[in-house]
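Q: Right, I'll just put the structure down here and ask away after.
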Amino acid sequence: MPYFLSEQKLSVGATALIEGAQASHLLKSRRYRNGERFAMQDPAGRRWLVELVEDRGRAAAVKVLDALPLPEPPPLSLHLLPAAIKDKAADWLIQKATELGVSALSFHPAANSTVSHKLLAASHTLARWEKIAWEACKQCDRQYPPRLQVLGSFELALEASQDTGLTWLLDPAGEPPQDRMPGMEPSAAKSARVLVGPEGGFTEGEIAAAQAAGFAPIKLGGQTLRAETAALAAASLLLFGG
């Protein structure tokens, strides 16, 4: 179920206070009333059933009733490595990747990226991404958001292929996923990395460097996909099969 975040550790019988934007969402948007119950997660990642006991206008007091089970994590640890893309596309990718169960997203500068590394690495950008990821977590019942970072170079993205069971480079000239080498099936892997190009695609030099680093070129169907769509299509295939 969707949950709210607590800034303090919780335990059965304890009383906690929800303030700020979360209180406004709880009392005004969701219109919870005294006696209604919902889930909260504390800083330790534990989930609790709580009851609203007092509407204080700009804050809400709740009582902790019982512990709740946590959702099972995906069996595959998936690290997406998308090239820098425009703000709205990146925001949407982070939201949906969080919902799907992606473990990490590492954006990196590619030759054809239209977004500068300076803008990509700005603190306000990372803060916005973290907020988007947490909101998606609360909506989809995920315990923690994916790890989000900005890498300083394309070469650093290639190093992410080390010590992993499955590495994909999304490339229109690659092989279909069903034709990948034996032993590379998603069901047999515990971790995976997917390198995704920008809207203009990777250069021939970048593709050659990625293959030399161990990334297997994979194509997803016959259509030309947007960068964020391709990333999510690969994530869905790896996490849920197809």
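Q: In the set 67, 97, 60, which member is under 27 Å from residue 16 (Cα atoms) and buried (at least 19 other Cβ atoms within 10 Å of the Cβ)?
A: Sole residue among the options that is under 27 Å from residue 16 (Cα atoms) and buried (at least 19 other Cβ atoms within 10 Å of the Cβ): 60.
Q: So which residues in the stretch 187-198 are part of a helix (DSSP H, G or I) and of a type outside the set (Ser, Thr, Tyr), if there are any at all?
A: 188 - this is the single residue of the stretch 187-198 that is part of a helix (DSSP H, G or I) and of a type outside the set (Ser, Thr, Tyr).
Q: While we're here: Please determine whether any residue of the stretch 20-36 is touching a residue at least 24 places away in the same chain (Cβ under 8 Å), in a strand (DSSP E or B) and open to solvent by 10 Å² or more (accessible area, probe 1.4 Å).
A: No, the conditions are met nowhere in the stretch 20-36.
Q: Then there is this: Name the residues in the stretch 104-141 that are under 10 Å from the mean Cα position of the chain (by Cα) and buried (at least 20 other Cβ atoms within 10 Å of the Cβ), would you?
A: 105, 129, 133, 137
Q: Return the total of residues in the stretch 44-75 being in a loop (DSSP other than H, G, I, E, B) and in contact with a Leu (Cβ under 6 Å, 6 or more places away or on another chain).
A: Count: 1.
Q: Right, next: Of all residues in the stretch 142-157, which are hydrophobic (A, V, I, L, M, F, W, C), in a helix (DSSP H, G or I) and open to solvent by 20 Å² or more (accessible area, probe 1.4 Å)?
A: 156
Q: Name the residues in the stretch 166-188 that are modelled with pLDDT of 75 or more and surrounded by 15 or more Cβ atoms within 10 Å (Cβ to Cβ), would you?
A: Passing the criteria: 166, 167, 168, 169, 170, 171, 172, 174, 177.
Q: Exactly one of (1) in a strand (DSSP E or B); (2) over 30 Å from residue 155 (Cβ atoms); (3) within 20 Å of the chain's Cα centre (by Cα) is unmet by residue 78. Its number?
A: So the condition that residue 78 fails would be (2).
Q: Another question about this same structure. Are any residues in the stretch 73-94 open to solvent by 60 Å² or more (accessible area, probe 1.4 Å) and over 17 Å from residue 238 (Cβ atoms), and if so, which ones?
A: 86, 87, 88, 92
For (1) buried (at least 22 other Cβ atoms within 10 Å of the Cβ); (2) not in a helix (DSSP H, G or I), each residue gets a yes or a no:
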| position | (1), (2) |
| --- | --- |
| 200 | no, yes |
| 205 | no, no |
| 211 | no, no |
| 217 | no, yes |
| 220 | no, yes |
| 223 | no, yes |
| 228 | yes, no |
| 238 | yes, no |
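The values are calculated or read from the model by the stated rules, or taken from the named source; none is laboratory data. The shown structure was predicted, so the numbers you read here are calculated from the model rather than taken from an experiment. Here the Cβ is made from the backbone with ideal geometry for all residues, glycine too, and neighbour counts use every protein chain on show. Just so you know, the surface numbers come from the protein's heavy atoms only, side chains and all, with ligands and any DNA or RNA stripped out. Shrake-Rupley method; radii C 1.70, N 1.55, O 1.52, S 1.80 Å.
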